[in-house]
Every structure is written in C-alpha cells, then in structure tokens.
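The next block holds one structure in the form of structure tokens; read it before the comments.
The values are calculated or read from the model by the stated rules, or taken from the named source; none is laboratory data. Remember, predicted model here, so these are calculated numbers, not experimental data. Here Cβ is always computed from backbone atoms with ideal geometry, including for glycine, and neighbour counts include all displayed protein chains.
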Amino acid sequence: MNVLIDFKIDILCITETWFVEGVNYCIPVGFALIRQDRECHAGGVAILVKNSITWRRLILEEKSWISPHSLEYVCVTVQYKYEKSFIVCSL
C-alpha cells in the first residue's frame, strides 16, 4: 500500500524524521523531498511535494527570533498550474 498514492496526497509534512546529512533515503517515485535535519541527535522536519507541483524553498529571517531557540522548520512556496501560490511549513 502506498499511502501517498492511495489517498491522493500531493504534499506531506513530516516531523521527527531523524534523517542524517550525507545519507540517501528512499523517496516515493514522483515526489521531491525538502528537509531540514537537526544538527545534533534525532529530530528533523521534511516536506514531500509531488513533482507535478512547482515549489521553491523559503528561508525565514531568524535574526529577530528569541535566541537561543530549538525550532526546526522547513518552508516552501507552492504553486499548482496557474493557481495562486501559498506557503507550506513543517515545524
């Protein structure tokens, strides 16, 4: 059973990925993986986006955030065909 295909999911946000830099992970065919790994142990966030959807990674300005913080995030601007674009974030 492929949950993404069976439930017709185009965008999926994932938390607690535990991905590690430099390791290739199995990604479902037809999807892009945008991820932000935690620099130390465990954690991490990711977004899976169907390849038929145009997306661009969005970097948020962090200098005004209360420091130190441990918020992990990954954001993308998404546009499907000629519809209005919108932002998707996984925190």
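Values computed for the structure shown
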{"item": "Failed condition for residue 27, given (1) β-branched (Val, Ile, Thr); (2) within 16 Å of residue 89 (Cβ to Cβ); (3) under 13 Å from the mean Cα position of the chain (by Cα)", "result": "(2)"}
{"item": "Whichever residue in segment 52-79 is at pLDDT 90 or above and over 14 Å from the mean Cα position of the chain (by Cα) and, among such residues, is nearest to residue 32 (Cα to Cα)", "result": "52"}
{"item": "Segment 41-56, subset among the aliphatic types (A, V, I, L, M) and not in a strand (DSSP E or B), residue farthest from residue 5 (Cα to Cα)", "result": "42"}
{"item": "Failed item, numbered, when residue 5 is tested on (1) touching a Pro at 6+ places or on another chain (Cβ under 9 Å); (2) among the hydrophobic types (A, V, I, L, M, F, W, C); (3) surrounded by 14 or more Cβ atoms within 10 Å (Cβ to Cβ)", "result": "(3)"}
{"item": "Test for residue 27: is it among the aliphatic types (A, V, I, L, M) and surrounded by 15 or more Cβ atoms within 10 Å (Cβ to Cβ)", "result": "no"}
{"item": "Residue 64 vs. criteria free of Cβ contacts under 8 Å to residues at least 12 places away in the same chain, among the hydroxyl-bearing types (Ser, Thr, Tyr) and within 16 Å of residue 90 (Cα to Cα)", "result": "no"}
